[in-house]
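Written below as structure tokens is the structure these notes are about.
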Amino acid sequence: MRGKQATKREILLDSKFHNLQIAKFINYIMRRGKKSIAQKVVYDAFDQISNKTKQDALEIFEKALKNIGPSLEVRGRRIGGANYQIPFPVRAERRFALASRWLIEAAKKRKGQTMAEKLSLELVDAANETGEAFKKKVDTHKMAEANRAFAHFARY
């Protein structure tokens, strides 16, 4: 690695729930610095979740992220002229980042609704272990399981 490693910035808690994960999720949704629009999308999605499911939206959000977050992923590594896909455990920070990214991508792929509606549907699906984002996690785990024979190449 060249140069110094970038320092971690402190992220302020979100204004409504005072939760760090929601604040980070809002930042992932944000485009072109329009944080107020990203907040409106997330909070509207949470309102729709609580109206539809009659449960706490924060609990569904946390359950969805827990269900989507991968525990293993594969990384390519060149050994002796051949490239191997080696399974590695995923750190908690990366698990949250991947889960958030997959959730947002899956919500964007849904058609014909506002982003808040698509996000709320995808969150409920993820909490129920269905949907596009959960399928992405399952595929990642299958790939890691299929390449388990190369795990001895991993250096932790």
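Looking for something over 18 Å from the mean Cα position of the chain (by Cα) and surrounded by fewer than 19 Cβ atoms within 10 Å (Cβ to Cβ) - is there at least one such residue anywhere in segment 89-105?
No, segment 89-105 has no match at all.
K135 is checked against (1) more than 11 Å from the chain's Cα centre (by Cα); (2) closer than 17 Å to N27 by Cα; (3) surrounded by fewer than 20 Cβ atoms within 10 Å (Cβ to Cβ) and fails just one. What number does that condition carry?
That leaves (2) as the condition not met.
Scan segment 52-77 and report the pairs whose first residue is in contact (Cβ under 8 Å) with a residue 12 or more places away in the chain and under 20 Å from W102 (Cβ atoms) and whose second residue is of a type in the set (V, I, T) and part of a strand (DSSP E or B), with Cβ atoms within less than 9 Å and a gap of 6+ or a chain change.
V74/I86; R75/I86
Examine segment 141-151 for a residue that is of a type in the set (F, W, Y), assigned to a helix (DSSP H, G or I) and within 14 Å of the chain's Cα centre (by Cα), and state whether such a residue exists.
Looking for residues that are of a type in the set (F, W, Y), assigned to a helix (DSSP H, G or I) and within 14 Å of the chain's Cα centre (by Cα), one finds none in segment 141-151, hence no.
Determine, yes or no, whether R101 is touching a residue at least 24 places away in the same chain (Cβ under 8 Å), under 19 Å from K118 (Cβ atoms), out of contact with any Lys or Arg (no Cβ under 9 Å at 6 or more places or on another chain) and among the basic types (K, R).
Yes; evaluated as a whole, the condition is true for this residue.
Bear in mind these aren't lab numbers, they're just calculated from the coordinates by the rules spelled out. Computed from a predicted structure; not experimentally measured. Every residue, glycine among them, receives a Cβ derived from its backbone with ideal geometry; neighbour counts consider all protein chains shown.
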